[in-house]
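The values are calculated or read from the model by the stated rules, or taken from the named source; none is laboratory data. None of the values given here were measured: they were computed from a predicted structure. Note that each Cβ is placed from the backbone with ideal geometry, even for glycine, and that neighbours are counted across all protein chains shown. These area figures cover heavy atoms from the full protein model, side chains too; ligands, DNA and RNA do not enter into them. Shrake-Rupley method; radii C 1.70, N 1.55, O 1.52, S 1.80 Å.
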Amino acid sequence: LYLIHWPVPAEDAYLQTWRALRKLREDGVARAIGVCNFALEHLQRIHQEFGEYPSLNQIELHPMLTQAELRRFHADMQAVK
């Protein structure tokens, strides 16, 4: 599993990085590719550009940061698989 740690929205380069991870997967270097700390709009943009969602979106969760909307989205995507 290869992950993009953070989308760095100010640089807007995560789509290029996603393209590189897809190449690693196609070449057999990685079996799965995913992301960390991506917001809903970043996930949707990957889907719009590439027709897929990351295998994983590792996010920070604790009582002061529940990220309910993002967790609902993750649950909905898991149900589709």
>> Using a Gaussian network model on the chain with a 10 Å cutoff between Cα atoms, which of Glu26, Glu11, Glu69 fluctuates the most?
In response: Glu11
> When averaged across all projection directions, what area in nm² does the alpha-carbon convex hull of the chain cover?
Replying inline: 5.7 nm²
> If you count, for each residue, the other Cβ atoms within 10 Å and average over each peptide, how do 59-68, 39-48 line up from highest to lowest?
Replying inline: 39-48, 59-68
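Quick check on the chain: helices-only [θ] at 222 nm, where DSSP H runs of length 4 and up contribute -39,500 (n - 2.57) each and the sum goes over total residues. Nearest 500, please. The partial results should precede the final answer.
Values: 3 runs with 37 residues, N = 81.
Helices in the chain give a 222 nm mean residue ellipticity of -14500 deg cm²/dmol.
For Arg45, what is the net charge nearby, where nearby means another residue's Cβ is under 15 Å from its Cβ and Lys, Arg count +1, Asp, Glu -1?
Working: positive: Arg19, Arg22; negative: Glu11, Asp12, Glu41, Glu49, Glu52.
Every neighbour counted, the sum reads -3.
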> Tell me, what is the per residue accessible area of the chain in Å², probe radius 1.4 Å?
Replying inline: 69 Å²
> Per the 1.4 Å probe, what fraction of the accessible area of the chain, in percent, lies on carbon and sulfur atoms?
Replying inline: 52 percent
>> Once you place label points 7 Å from the Cα toward the Cβ at Glu60 and Gln48, how far apart are they in nm?
In response: 2.6 nm
> What is the local net charge at Ala20, summed over the other residues whose Cβ is closer than 14 Å to its Cβ (Lys, Arg +1; Asp, Glu -1)?
Replying inline: +1
>> Rounded to the nearest 10 Å², what accessible area does Tyr53 have for a 1.4 Å probe in the complete protein model?
In response: 70 Å²
